[in-house]
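Heads up, the thing below is written out as structure tokens.
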Amino acid sequence: MLKEYDVIVVGAGPAGSMAARYAAAKGVSVLMLEKDRDVGYPVRCGEAVSATRIAPFIDPDEKYIASHINKFSLIFPNGTEVTVPLEENGYILERRIFDYELAKLAANEGAEILTRAYVNGLLFDGGKVSGVKFEYRGEPHEVKAKVVIAADGVESRVGRWAGLKTHIDFRDMECCVQITASGINVNSNTCYFYFGKDYAPNGYFWIFPKGNNTANIGLGVGGMIGKKKSALSFLIDFMEKNYPNASILTQIAGGVPCTPTLKKITAPGIMLVGDAARQVNPLSGGGISSGMIGGSVAGEIAAESVKQKSPDLVLTYDKAWHERQGKKHIVYNKIKNAIYNFSDDKFNNIAESADNLPDNKKSLGNVFKAALIHNPSILIDVAKVFVIK
Amino acid sequence: MLMIEILPDKCDFCGCCVGICPEDAIELKEAEIRIIEELCTNCVKCVWSCPIEVLKFNRNGVKVNLDA
């Protein structure tokens with residue numbers, strides 16, 4: 001470990017590893033600090049991702065792909081199940097291997113990585129972030145950096161220490177719980193989504209197959225719901241009703257910040273990426289690929305800022321992210337706010353319209369159109385998605 | 001007086017409450033979590049948001065174990 005690095009990344013999830021890799025690839029010195037003992041574990045994720053969106057960053061490899069997805073099955077409150085083929089295929093990942101591979105790619109570019117390194121404060125130099133304080137092997141350390149990239153996940157404390165308002169309104173947090181269970185007889189190429197107040201009000205319930213009759217089964221509910229009934233209670237109800245004898249291999253909890261990205265994800269000497277910046281797609285709750293995009297953009301800008309000796313360059317990341325992805329998330333968030341408030345009756349109406357589509361017309365787009373018929377006010381927001389695409 | 005209690009045996013250390021806390025009053029290491037009494041305002045948003053019912057509100061106050 002050096003006394004000073006060009007770039008320090010806090011957190012070794014997908015966003016952090018991408019930031020470290022893209023910075024290191026430009027020839028600057030990089031240190032990435034992970035608080036847990038293993039990169040990639042514990043997993044806090046449904047593990048579904050679009051194949052095309054991660055393709056620019058990592059070659060497909062069966063060792064981190066648990067299953068290949070080409071269908072979505074949507075289950076509505078009255079029990080109607082509508083299955084639609086996907087235009088773009090997806091994967092259910094093995095995140096514990098996937099994250100490890102991403103960190104290895106960062107290391108291959110020259111980034112140094114430490115695990116069990118718990119960052120607990122920032123260093124400042126005249127109002128600019130100039131490094132981090134952390135505990136490692138029971139000892140306190142202080143290491144300087146020209147740029148700090150905070151990839152510390154949903155907690156997002158590092159940004160707060162730099163004066164950014166990162167805490168999230170509890171109503172915008174999807175409070176999630178998930179088990180990986182065996183004895184779940186579902187198609188290994190299909191992601192199942194359940195809607196309605198019995199499954200996951202203000203959110204959705206999912207079954208994502210991982211092959212060999214195992215699956216991730218979980219849900220997220222908005223904080224307003226959690227106030228009355230926890231995510232865990234919904235999961236227990238579902239399992240007792242549907243899979244009372246399933247073997248449970250893991251159980252995890254987690255919060256997914258489902259909002260547009262924070263207005264400011266930079267301050268002098270610091271950039272935020274991934275969940276820490278609230279870069280999750282607020283409609284789907286998916287954060288892997290958007291975090292990877294955020295990390296790659298931030299890493300490159302950080303390296304350029306160091307190489308050009310231009311600290312202000314860091315501040316251009318706000319706009320770069322907004323143009324690349326952030327503006328879409330603003331629209332997705334509006335659609336989310338409309339859909340998450342649908343009543344069971346409205347979902348059932350959509351189910352009826354969608355179920356009546358001829359099989360060769362069943363696509364996510366057409367199901368979405370059916371949803372629009374029942375809530376035309378979303379149309380304006382949807383139009384925006386296509387306009388700004 | 002601190003009125004929020006974390007049941008450590010039930011906690012999954014997921015960080016959901018940390019992200020929500022408006023006061024930055026929750027500290028989470030790998031498998032250690034604590035509420036910083038001086039910062040906590042007992043707003044209970046963390047209690048509402050915990051996915052697995054680990055945080056509890058106790059009107060009579062919570063003893064802070066200084067040995068921990």
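Brief remarks on what is shown
- Inter-chain Cβ neighbour average for residues B:49-59, partner chain, 10 Å: 6
- With the simple model of a label 7 Å out from the Cα in the direction of the Cβ, residue A:96 to residue A:125 spans 4.1 nm.
- At a Cβ-Cβ separation cutoff of 4.7 angstrom, cysteine residues of the protein assembly as shown with no neighbouring cysteine are A:45, A:175, A:176, A:191, A:258, B:11, B:14, B:16, B:21, B:40, B:43, B:50.
- Among A:282, A:14, A:358, the residue with the largest mean-square fluctuation in a Gaussian network model of chain A, with springs joining Cα atoms closer than 10 Å, is A:358.
- Shape category assigned to chain B from the gyration tensor of Cα positions, a/c cut at 1.5: rounded
- Across region B:11-68, C-alpha contacts under 8 Å between residues 6 or more apart give a mean separation that, scaled by the residue count, equals a relative contact order of 29 percent.
- With contacts taken as Cα pairs under 8 Å and at least 6 residues apart, chain A reaches a relative contact order of 20 percent.
- Ranking A:226, A:338, A:190 by Cα position along the charge dipole of the protein assembly as shown, where only Lys, Arg, Asp and Glu carry charges on their C-beta atoms, puts A:338 farthest toward the positive end.
- Against the main long axis of the alpha-carbon atoms of chain A, helix A:344-355 sits at an angle near 80°.
- Summarised in one figure, the compactness ratio Rg/Rh of region A:1-130, Cα atoms and Kirkwood Rh, is 1.11.
- Ranking of A:289, A:343 by count of other Cβ atoms within 10 Å, fewest first: A:343, A:289
- Packing-based exposure ordering (other Cβ within 10 Å, fewest first) of A:272, A:364: A:364, A:272
- The Cα center of region A:248-311 and the Cα center of chain B differ in position by 25 Å.
- Shielding by partners for peptide B:38-47, expressed as the average number of C-beta atoms from other protein chains within 10 Å of each residue's C-beta, is 2.
- Shielding score for B:8-17, defined as the mean number of other chain Cβ atoms within 10 Å: 6
- In terms of its C-alpha gyration tensor, chain A has a prolate overall shape, because the principal axis ratio a/c (a ≥ b ≥ c, square roots of the eigenvalues) is not below 1.5 and a/b outweighs b/c.
- Gaussian network model of chain B, Cα within-10 Å springs - most flexible of B:56, B:45, B:29: B:29
- For chain A, built as a Gaussian network whose Cα springs stay under 10 Å, the top-fluctuating residue of A:241, A:307, A:361: A:241
- Couplings 3J(HN,Hα) of region A:10-21, computed from phi: 9, x, 10, x, x, 5, x, 4, 5, 4, 4, 5 Hz, in residue order, whole Hz [Karplus 6.51 cos²θ - 1.76 cosθ + 1.60, θ = phi - 60°; x for Gly and Pro].
- Dipole orientation for chain A: of the candidates A:58, A:203, A:316, A:316 has the Cα lying most toward the positive pole (charges on Cβ; Lys, Arg +1; Asp, Glu -1).
- Label-point gap, in nm, between residue A:264 and residue A:89 - each point 7 angstrom along Cα→Cβ: 4.5
- Computed magnitude of the charge dipole of chain B (debye, nearest 20; Cβ of K, R +1, Cβ of D, E -1): 280
All of the numbers you see were taken from the coordinates with simple rules; none came from a lab. Source: prediction; values computed, not measured. Note that each Cβ is placed from the backbone with ideal geometry, even for glycine, and that neighbours are counted across all protein chains shown.
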